[in-house]
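Shown next, in structure tokens, is the structure this report addresses.
Read the figures in this text as sums done on the coordinates, not as results from a lab. All values derive from a computational prediction rather than experimental measurement. Here Cβ is always computed from backbone atoms with ideal geometry, including for glycine, and neighbour counts include all displayed protein chains.
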Amino acid sequence: MSKHNIISIDNLSLQEFDTEAELIPLLTPEDEEEMNKEELPDSLPILSVRNTVLFPGVVIPISAGRDKSIKLINDANAGNKIIGVVAQMNEEVEDPSKNDIYPIGTVAKILRVLKMPDGNITVILQGKKRFEIDAVVSEMPYIRATVKEVEELRPSKVDTEFSTIVDSIRELAIQIIKESPNIPTEATFAIKNIESQSFLINFVSSNMNLTVKEKQDLLMINALKERALETLRFMNIELQKLELKNDIQSKVRFDLDQQQREYFLHQQMKTIQEELGGVSNEQEIEDMREKAKSKKWDLKVANHFEKELSKLQRMNPQAPDFGIQRNYLELFLELPWDNFSKDNFDLKRAQKIIDRDHFGLEDVKKRIIEHLAVLKLRNDMKSPIICLTGPPGVGKTSIGKSIAEALGREYVRISLGGLRDEAEIRGHRKTYIGAMPGRIIQSIKKAGTSNPVFVLDEIDKLSNSNQGDPSSALLEVLDPEQNSEFYDNFLEMGYDLSKVMFIATSNNMSTIQPALRDRMEVIKMSGYTIEEKVEIARQHLFPKQLKEHGLNTKDLSIGKRQLEKIVEGYTRESGVRNLEQKIAQVIRNAAKSIALEEEYNKKVTDEDIVKILGTPRLERDKYENNDVAGVVTGLAWTSVGGDILFIESLISAGKGTLTMTGNLGNVMKESATIALEYIKANAGLFGLDAEIISKYNIHLHVPEGATPKDGPSAGIAMLTSLVSLLTQKKVKKSIAMTGEITLRGKVLPVGGIKEKILAAKRANIKEIILCHENKSDVEEINPEYLEGITFHYVKVMKEVIDVALTDQKVKNAKKL
């Protein structure tokens, strides 16, 4: 049942009366009987109403605004106050004719007329009895028609079924009033006080939530019992709807109340933000939508973005997920989808840039120029994954900048050293508070293009933890066949990395996961020769440090000979990092003198270098093996480049045992054992007596015991050390060697030849003994690096001894 309203017949707004009591007369059965006896006039003025139906006995207020309606009411009110009320078939008709109204209506008496401030009038009507329009007499100034009464078929007073139906209507009406929050409780008392059965039926029919058509159908039913049954049916439907509605509301009331509260708070916050000059969430969302229109992304990405943006629009701004969702959408807008920088394919210019920034590194430069050439010809080649491996300080990382400048691409670098969380590569899932994309996607966003030069620094120093294996997460990044759809957990979509030029750097390839190493093209970068270091210092390091210290070439200069002295005496390394530190130390001394206004040499001398850097610390090891039997210089490869390795041996009276010290690994211990056993088995080759050897203990030592040492490179050096010791013959001056040995007397090849040769040059070695199979490795090296070195290629151990030892015995040689 609906609340009583002033029902507009002129499309005006609904207005509510204060109480139900104002609309319900105390209609007794006697009053109803008397009302039924009243005779109808021959003709009636017809008032058409738009959105209600008047039933006999019911009092309703009607607001009239049309000129015809106002004149009709005024004329009737001045006369007998009796009019005919009929419902319009179509509410939108402004000037209804006979064909626009229902044929059956209700005779009504005007109880009261109220004039409203807007010029309309409100009339309170009470229905009397039903009538049917017979013929229209006139239509001006309003419709007047002849009418005839429609008889109402009433059941007998002893009809118990009808009484039961009426009781059910009363009970249902009271129940509906209780269930509906919109009906005042006073209506319950009114329902209970209605004595007339027909009036109760008409009153309930008039106030149910039915359409005009449904109410008109009820009014047109002549049999009161049938009308009561139809009314009861509608009431049951309405009660069921109310119960279902109330059940649903009881379940969601808390949620709705909470949402409503948050909505009002949000609206208040929005108003405050606008007053303070901020941007509301709605404005922010619209700005995102506008930015999305300018993005060059495909339909799949665009649909996903719109879906996620709609999700943000529905979210509560105070919810923790709101910030994550907003960051997610901002990432989408900031990523350079399908935005590529144009490559510069001027190969001569690229060669000049790389040569300008890096001295040497011919293999690396050649590989980069080859890639640019192929890219220029095809213009759609997937970028290769290059891994530059070599000792620290040789320029692995800085070469990425030169490549980026040569190509005209953006430069991005991330350091992977110590990284142990897989989420750093793949990102976090959005379900986590504080979720972020991985460093790959973050760096692409920072670059602003989808094809930067991307340097993955220290890839060999990745580690594992219970947060996953980052090296495994890199497999998809560094696989040219897979990275076109790289999946980031935060982004939740594939991102194309196939146009990115990845350059990884490492010091030691052996620590890289094999599957990851297999996806990269490895380019080895060896250390620099003394000549290269001098040129690098002259062309790059010295000018750079002058600038960083606020000086210029007028304030300080340094010659090649002085630079060579720094290289040889203070920085025995594969790279140039320590060399740069020493140069900076020399420049700082000059800067101090300038600041204190002291005299100093503007051209650095040898004496200045010794004064500033101290006595050279690295020259004393060059000739240790000249005058002592059993001391040999070996060549070793380390993760930071090549190095020289001294092997010493000593003999003493005993039982023929071999003792080894110097923190040696299993491979080096095995090499020493093989060397001694070979000497015993072939003592005659070296002019020795095996029985006498068994009466002496031999101690073999590799200095710097704090440093772990292992590998096959020292086999022939150990053999030479033991033969020199047992024969007491000198080892040749400035000779070094590297190679592995077998029990059969063969010399086997080893790796790291270039690094070892550079280490030998730094130590001023003049001769090197190598396995004959390593000759091809030497031929691949730039001839400039080999100047001043003589190579001896051997196949068996006897050849090693013949080359390494002199016929001259050491002073005070021991006799076995």
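Quick one: Cα centre-to-centre distance for the range 705-748 and the range 457-487, in angstrom?
Cα centres, the range 705-748 to the range 457-487: 41 Å.
Which entries of LYS68/LYS109; LYS401/LYS709; LYS307/LYS461 show an alpha-carbon separation above 29 angstrom in the structure shown? If you can, show how the numbers build up before the last one.
On the way: LYS68/LYS109 18 Å; LYS401/LYS709 36 Å; LYS307/LYS461 40 Å.
In this structure, LYS401/LYS709; LYS307/LYS461 exceed 29 Å between Cα atoms.
What are the residues whose amide H is under 5 Å from the amide H of PHE131, where those residues sit 5 or more places off or on another chain and H is modelled from the backbone?
GLY105, THR106, VAL107, VAL150
Once the dipole of the chain is set up with Lys and Arg at +1 and Asp and Glu at -1 on Cβ about the Cα centre, which of ILE174, GLN585, LEU416 lies farthest towards its positive end?
GLN585
Find how much the distance from GLU132 to LYS524 grows on full extension, using 0.36 nm per residue of separation minus their present alpha carbon separation; answer in nm with one decimal.
Gain in length upon complete extension: 130.3 nm.
Please work out how much length the chain gains when fully extended from GLU282 to GLU179, using 0.36 nm per residue of separation minus the C-alpha to C-alpha distance, in nm with one decimal. Don't jump to the answer; show the numbers that get you there.
Values: separation 103, 0.36 × 103 = 37.08 nm, distance 3.86 nm.
Here the segment from GLU282 to GLU179 would lengthen by 33.2 nm.
Points 7 angstrom from Cα along the Cβ direction at LYS560 and ARG233: gap in nanometres?
11.5
For LYS178, give me every one of the lysines with a C-alpha distance below 28 angstrom, ignoring sequence neighbours fewer than eight places off in its own chain.
LYS3, LYS192, LYS213, LYS215, LYS225, LYS241, LYS245, LYS251
Could you calculate the contour length gain from MET220 to LEU748, that is, 0.36 nm times the residue separation minus the distance between their Cα atoms, to one decimal place in nm? Walk me through the numbers on the way to the answer.
On the way: separation 528, 0.36 × 528 = 190.08 nm, distance 11.70 nm.
Working it through step by step, the gained length comes to 178.4 nm.
Arrange the peptides 736-743, 574-581, 236-243 so that the one whose residues have, on average, the most other Cβ atoms within 10 Å appears first. It would help to have the intermediate numbers written out before the result.
On the way: 736-743: 23.4, 574-581: 19.6, 236-243: 14.5.
Ranking the peptides 736-743, 574-581, 236-243 by packing returns 736-743, 574-581, 236-243.
Which one of VAL477, LEU491, ILE433 is farthest out on the positive end of the charge dipole of the range 428-548, using unit charges on Cβ (Lys, Arg +1; Asp, Glu -1) and the Cα centre as origin?
Comparing the listed Cα positions along the dipole, ILE433 ranks first.
Report the calculated FRET efficiency for GLU38 and SER97 (r = Cβ-Cβ distance, R0 = 22 Å), to the nearest 0.05.
Numbers: r = 29 Å, r/R0 = 1.30.
Given R0 = 22 Å and the Cβ-Cβ separation, E is 0.15.
Quick one: which residues, 5+ away or cross-chain, put their amide H under 5 Å from the amide H of TYR487? H built at 1.01 Å from N.
TYR495
Packing-wise, with mean Cβ within 10 Å as the measure, how do 336-344, 721-729 rank, highest first?
Working: 336-344: 15.4, 721-729: 24.7.
Averaged packing, sorted descending, gives the order 721-729, 336-344.
Report the trypsin sites (Lys or Arg not before Pro) located in the range 295-328 that are in a DSSP loop and have at most 15 other Cβ atoms inside 10 Å of their Cβ, or state none. Before the final figure, lay out each step's value.
Numbers: sites: LYS295, LYS296, LYS300, LYS307, LYS311, ARG314, ARG326; in loops: LYS295, LYS296.
Counting only loop positions with at most 15 other Cβ atoms within 10 Å, the trypsin sites (Lys or Arg not before Pro) in the range 295-328 are LYS296.
Tell me, what is the FRET efficiency for ASN51 and LYS192 to the nearest 0.05, using R0 = 30 angstrom and their Cβ-Cβ distance as r? Spell out each step's value before the answer.
Working: r = 29 Å, r/R0 = 0.96.
So the FRET efficiency works out to roughly 0.55.
My understanding is that a pair violates if its Cα-Cα distance is over 23 Å; which of LYS295/LYS342; LYS524/LYS795; LYS680/LYS754; LYS300/LYS499 do that in this structure? Can you show the working numbers first?
Numbers: LYS295/LYS342 18 Å; LYS524/LYS795 27 Å; LYS680/LYS754 34 Å; LYS300/LYS499 20 Å.
The pairs that break the limit, which is 23 Å between Cα atoms, are LYS524/LYS795; LYS680/LYS754.
For the ranges 110-121, 425-436, what's the packing order if you count other beta-carbon atoms within 10 Å of each residue, average per peptide, and put the highest first?
425-436, 110-121
Please get the size of the charge dipole for the chain, origin at its Cα centre, with Cβ charges of +1 on Lys and Arg and -1 on Asp and Glu, quoted in debye to the nearest 20. Numbers along the way, then the final one.
Details: 111 positive and 123 negative charges, 1174 e Å.
So the magnitude is around 5640 debye.
Within the range 382-409, which residues have the backbone N less than 18 Å from the label spot 7 Å out from GLN581 along Cα→beta-carbon, could you tell me?
Only 391-396 fall inside the zone, counting backbone N under 18 Å.
For the range 56-96 and the range 336-396, what is the centre-to-centre distance using only Cα atoms, to the nearest Å?
If you average the Cα positions of each part, the centres end up 92 Å apart.
Among DSSP bridges having both ends in the chain, what percentage is antiparallel? Round to the nearest 5. Kindly include the intermediate steps, with their values, before the conclusion.
Working: 53 of 94 bridges.
Of all bridge pairs located within the chain, approximately 55 percent are antiparallel.
Under a point spin-label approximation (7 Å from Cα along Cα-to-Cβ), what is the GLU607-LEU551 distance to one decimal in nm?
It is 1.8 nm.
Could you tell me which label, among (i) 177; (ii) 161; (iii) 305, carries the value of volume of the Cα convex hull per residue in Å³ calculated for this structure?
(iii)
Grab the beta carbon distance between VAL150 and ASN77, set R0 = 22 Å, and tell me the FRET efficiency rounded to 0.05. Spell out each step's value before the answer.
Working: r = 25 Å, r/R0 = 1.15.
Efficiency at R0 = 22 Å is approximately 0.30.
Near the amide H of VAL794, under 5 Å away, which other amide H atoms are found, from residues 5 or more places off or on another chain, if H is placed in the peptide plane?
LEU770, CYS771, HIS772
Students often forget the sequence filter, so: which lysines lie under 20 Å Cα-Cα from LYS560 once same-chain residues fewer than 8 apart are removed?
LYS533, LYS544, LYS547, LYS582, LYS602, LYS603, LYS611, LYS761
Which whole-number percentage describes the relative contact order of the chain, with Cα contacts under 8 Å and a sequence gap of 6 or more?
Details: 1454 pairs, mean separation 60.7, N = 816.
Computed value for the chain: 7 percent relative contact order.
For ARG261 paired with ASP247, estimate the spin-label separation in nm (one decimal), with each label point 7 Å from Cα along the Cα-to-Cβ line.
2.8
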